[in-house]
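Data first, discussion second: the structure below is written as structure tokens.
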Amino acid sequence: MFNSNRNNTLQPSTVPDALIDIHQVTKTYETSGGPCRALKSIDLHVREGEFVAVVGKSGSGKSTLINMITGIDRPSTGEMWVVNAPIHAYNENQLAIWRGKSVGVVFQFFQLLPTLTVLENVMLPMDLSGCYHNGDRERNALQRLAAVDIAEQAHKLPANLSGGQQQRVAIARALANDPPLIVADEPTGNLDSNTALAVVSLFEELARRGKTVLMVTHDPDLAQRANRLVRIADGQIVEDSAKRGRK
Ligand SMILES: Nc1ncnc2c1ncn2[C@@H]1O[C@H](COP(=O)(O)OP(=O)(O)OP(=O)(O)O)[C@@H](O)[C@H]1O
Ligand SMILES: [Mg+2]
């Protein structure tokens with residue numbers, strides 16, 4: 001699976017088609033009450049175009065894992081190759097550049113900037129990454145908004161949109177730089193069930209179009225919509241439907 005002579009430099013992942021390739025990752029938080037072992041030796045391989053639901057009880061380690069994959073937090077030990085990069089070995093600068101082009105993140109509470117219009121929110125990651133010329137940004141942002149069926153709201157402020165509409169904008173923002181990986185931590189936790197289903201349908205569609213989608217959810221019905229289910233309990237993967245042949 002991993003080359004024995006592998007070091008922390010630019011050797012690519014050796015799992016075929018792996019967009020996420022995690023090897024023996026642990027995370028221990030130091031707290032006033034002593035060390036908290038949030039992740040205990042995680043191995044996970046996700047291929048391009050997979051739609052993976054991550055489930056598990058509160059406190060099991062789902063967000064900790066997701067935050068490692070997006071480079072928001074760092075593992076205590078282990079190797080993480082995500083979108084062909086050894087992010088366990090990256091410094092903050094390298095992580096910021098890698099993240100801008102490689103991964104789109106969707107949050108439970110949307111986290112749109114309230115003083116920017118919908119269009120400006122979607123253009124912001126393009127500004128930060130420097131991937132697009134000035135004149136292309138607005139056109140691209142409108143395309144991303146159209147892809148999630150919300151382009152007609154482009155010039156409104158987020159506060160004037162419903163929760164479901166705001167989450168669509170957040171997904172358009174996650175798609176801004178056309179990253180291969182979309183990661184969402186309870187993206188439907190703040191939505192009613194019909195709106196939640198519509199958001200998950202969007203993720204299904206993105207995966208059909210070749211994006212890799214990783215979604216944390218507490219809702220078993222929504223988890224069923226993914227084509228792979230990974231269950232975490234007490235910092236470990238205790239079930240992975242890919243390993244019992246369900247696809
Ligand atoms: N910054 C932190 N400092 C200390 N401990 C933390 C920190 N973040 C998480 N933990 C602990 O790590 C464990 C896993 O937390 P995590 O947030 O990953 O769980 P979760 O599965 O996402 O839960 P939920 O479903 O409630 O969001 C918990 O015991 C939690 O208390
Ligand atoms: Mg969480």
Can you run down the residue pairs with Cβ atoms below 7 Å, 6 or more apart or on separate chains, where the first is in the stretch 193-219 and at positive phi and the partner is surrounded by fewer than 23 Cβ atoms within 10 Å (Cβ to Cβ) and of a type outside the set (Ser, Thr, Tyr)? 210/48; 210/49
Does any residue in the stretch 58-78 that is within 15 Å of residue 214 (Cβ to Cβ) and within 12 Å of ligand 1 (Cβ to nearest atom) come within less than 7 Å, Cβ to Cβ, of a residue that is among the aromatic types (Phe, Trp, Tyr) and modelled with pLDDT of 95 or more six or more places away or on a different chain, and which pairs are these? none
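I'd like the full set of residues that are charged (D, E, K, R) and under 30 Å from residue 221 (Cα atoms), limited to the stretch 24-54. Spell out the reasoning first.
Within the stretch 24-54, the subset charged (D, E, K, R) is 27, 30, 37, 40, 43, 47-48, 50.
Correct list: 27, 37, 40, 43, 47, 48, 50.
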Of the candidates 235, 189, the one satisfying the condition of being within 16 Å of ligand 1 (Cβ to nearest atom), in contact (Cβ under 8 Å) with a residue 40 or more places away in the chain, among the small types (Gly, Ala, Ser) and crowded, with 21+ Cβ neighbours inside 10 Å is 235
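Tally up the residues in the stretch 135-150 that are part of a loop (DSSP other than H, G, I, E, B) and on the phi < 0 side of the Ramachandran plot, please. Can you show your working first?
Taking the stretch 135-150 as the starting set, the residues that turn out to be part of a loop (DSSP other than H, G, I, E, B) are 148-150.
Filter again for on the phi < 0 side of the Ramachandran plot, leaving 148, 150.
So the answer is 2.
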Determine whether residue 26 is in contact with a Leu (Cβ under 7 Å, 6 or more places away or on another chain), among the hydroxyl-bearing types (Ser, Thr, Tyr), at pLDDT 95 or above and away from ligand 2 (no atom under 16 Å from the Cβ). yes
The conditions are (1) under 24 Å from residue 225 (Cα atoms); (2) near ligand 1 (Cβ under 7 Å from one of its atoms); (3) buried (at least 20 other Cβ atoms within 10 Å of the Cβ); (4) not hydroxyl-bearing (Ser, Thr, Tyr), and residue 38 fails exactly one of them. Which is it? (1)
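On the given criteria, is residue 124 of a type in the set (A, V, I, L, M), more than 15 Å from ligand 1 (Cβ to nearest atom) and at pLDDT below 95? Full working, then the answer.
On the way: of a type in the set (A, V, I, L, M): yes; more than 15 Å from ligand 1 (Cβ to nearest atom): yes; at pLDDT below 95: yes.
The answer is yes for residue 124.
Out of 174, 198, 184, which single residue is among the small types (Gly, Ala, Ser) and surrounded by fewer than 24 Cβ atoms within 10 Å (Cβ to Cβ)?
Values: 174 fails: surrounded by fewer than 24 Cβ atoms within 10 Å (Cβ to Cβ); 184 fails: surrounded by fewer than 24 Cβ atoms within 10 Å (Cβ to Cβ).
Answer to the check: 198.
To keep it simple, each residue is scored yes or no on (1) within 10 Å of residue 172 (Cβ to Cβ); (2) over 21 Å from the mean Cα position of the chain (by Cα); (3) polar (S, T, N, Q).
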| position | (1), (2), (3) |
| --- | --- |
| 105 | no, no, no |
| 109 | no, no, no |
| 117 | no, yes, yes |
| 128 | no, no, no |
| 133 | no, yes, no |
| 136 | no, yes, no |
| 142 | yes, yes, no |
| 145 | yes, no, no |
| 156 | no, yes, no |
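The rows are residues; the columns are (1) modelled with pLDDT under 95; (2) assigned to a loop (DSSP other than H, G, I, E, B).
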{"position": "152", "(1), (2)": "no, no"}
{"position": "155", "(1), (2)": "no, yes"}
{"position": "167", "(1), (2)": "yes, no"}
{"position": "170", "(1), (2)": "no, no"}
{"position": "173", "(1), (2)": "no, no"}
Residues of the stretch 23-61 satisfying the condition of being farther than 16 Å from residue 74 by Cα and either of a type in the set (Asp, Glu) or not in a strand (DSSP E or B) (or both): 32, 33, 48, 49, 50, 56, 57, 58, 59, 60
For residue 152, only one of the following conditions fails: (1) farther than 24 Å from residue 70 by Cβ; (2) buried (at least 17 other Cβ atoms within 10 Å of the Cβ). What is its number? (2)
Any residue at all in the stretch 129-141 that's in contact with a Leu (Cβ under 7 Å, 6 or more places away or on another chain) and surrounded by 17 or more Cβ atoms within 10 Å (Cβ to Cβ)? yes
Go through (1) surrounded by fewer than 18 Cβ atoms within 10 Å (Cβ to Cβ); (2) in contact (Cβ under 8 Å) with a residue 12 or more places away in the chain; (3) hydrophobic (A, V, I, L, M, F, W, C); (4) more than 16 Å from ligand 2 (Cβ to nearest atom) one by one and return the number of the condition residue 87 breaks. (1)
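The values are calculated or read from the model by the stated rules, or taken from the named source; none is laboratory data. What you see is a predicted model, and the numbers here were worked out from it, not measured in a lab. Counting neighbours? That spans all protein chains shown, and the Cβs are built from the backbone with ideal geometry, glycine included.
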